[in-house]
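Trainee: If you scroll down you'll find the structure; I have some questions about it.
What follows is calculated from the coordinates using simple rules that are stated; it is not laboratory data. Since we're looking at a predicted model, the values are computed, not measured. Here the Cβ is made from the backbone with ideal geometry for all residues, glycine too, and neighbour counts use every protein chain on show.
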Amino acid sequence: MLNPEVVTPIFYFGSGLSFLLVVQKLIPPIKRREDRIGALLFLSLGIILFTVANVVLEIDRTYPHAIFLLLTSFSAIGPLSLLYTHSLIYPNQTLYRDIRLHFLVPGFFLLGELLFFGRAWDSIISDLGDFRNIRYKHYLSWGFFLTTALTTAYFGFRYRMLLTVISIPELKSQIRFIFILATITVFAMYSLVFGFMFGLDILFRVGGLLVTGIVTLLFLAPSRYPDFFAPLTREVRKKKYEKSLLIGLDLNLLELRIQELMREDKLYRDPELTLHSLSEDLGIKPYQLTEFLNEHLQTGFHNYINGFRIEEAVNLLEEKPDQDILSICYFVGFNSKSSFNDAFRKVTGKTPTQLRQKKSDIPEKQKLHTARTGVPPLGKGLGGMVELGDPERISVRNRPIKAENR
């Protein structure tokens, strides 16, 4: 029943369906964070199913590159699954700044695979032949065992994330679905790895069928339950609010205080500014500031600070066209040109040089307009943009943030 002629078409079908889901995630003009992470997750599942089919048919004995990226895809399943679940439950909350650390192991395996498959054809075939013969005793097996352990740990964190809302009756179907899906995924991974390592072909093929079933289920589920995760997101936020660390603080005053520190004191210009130092200036704890930024301003600390830095940098690029870009970079608070360019492109969609070039083209167009019509274009003081003085502000510097009735 599980002979190669039966199971391999199913594996190739699941692989093609996974790649189709990747396209589906990337088609929308406005791509959400969970769409991009989901695309990478389905890409990894598609590669796994494609290579599993090739292993069953022993295509790798003749064409070794038929299993290229298998280990990398295996190692990416754990972090991608965790981040995908996090994005579904907390859609507006920024991911951790050290998100790249989650992909150190997949990156290491990708480099290893590039080096392994970049060798002479005969050497690759010889090594893969030895791998098939001695299985778990081969040095390549340790990569799969390490990946299995790390993926298990990631799914443990995923279970822990879901335990925060497991007691809510309204979410039983959502929690049950995610737990079952996660459990099947872990079992499929163990079946594939240990089935191959110990020569248990039936177990190996069962693992491939389970992965195909997961992909098919994820393809069909949104059609049947389009708003499946909406109640989960709502209840998680409600539960977080009940345990909020901000109870007792005047959040409106806190927002005014942090705006004052940024707008008036230009605290963002300090390249050594940290979450801890800013929380001290505000008179609150660092974890309170983190929750305030994540839950109430829908941003993270570094994105919030960089927003002010880029805003001033844009103004300086326009007002001081002769000023060196690197000096502007350091003036607004960045400590390297690369981080400045990355943040600038993320906010504006352009590099500082591109933005300055675009701004420099505007006066030439204005001169051309005046030469042709004899009438200067609308601008500052001429019916266009005019500068207004700042209205009188009430300082909130010495007012306490804590409120009695919150």
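Trainee: If R₀ is 41 angstrom, what is the calculated FRET efficiency for the pair Leu220 and Lys358, using the beta carbon separation as r and rounding to 0.05?
Mentor: 0.30
Trainee: Which net charge results for the neighbourhood of Phe179, defined as the other residues with beta-carbon distances under 11 angstrom from its beta-carbon, given Lys and Arg at +1 and Asp and Glu at -1?
Mentor: Working: positive: Arg158, Lys172, Arg176; negative: none.
Local charge sum for Phe179: +3.
Trainee: If a/c stays under 1.5 just call it rounded; otherwise compare a/b with b/c (prolate if a/b is bigger, oblate if not). Do that for the range 251-358, with a ≥ b ≥ c from the square roots of the Cα gyration tensor eigenvalues.
Mentor: Numbers: a/c = 2.24, a/b = 2.04, b/c = 1.10.
Because a/c hits 1.5 or more and a/b exceeds b/c, the range 251-358 counts as prolate.
Trainee: Can I ask one more? Go through 3-10, 180-187 and give me the packing order, highest mean Cβ count within 10 Å leading.
Mentor: 180-187, 3-10
Trainee: I'd like the FRET efficiency for Arg135 and Thr274, computed as 1/(1 + (r/R0)^6) with the beta carbon distance as r and R0 of 41 Å, rounded to 0.05.
Mentor: Values: r = 50 Å, r/R0 = 1.22.
The computed FRET efficiency comes out at 0.25.
Trainee: Once a ≥ b ≥ c are taken as the square roots of the eigenvalues of the Cα gyration tensor of the range 1-73, is the result rounded (a/c under 1.5), prolate (a/b larger than b/c) or oblate (a/b not larger than b/c)?
Mentor: Verdict is prolate for the range 1-73.
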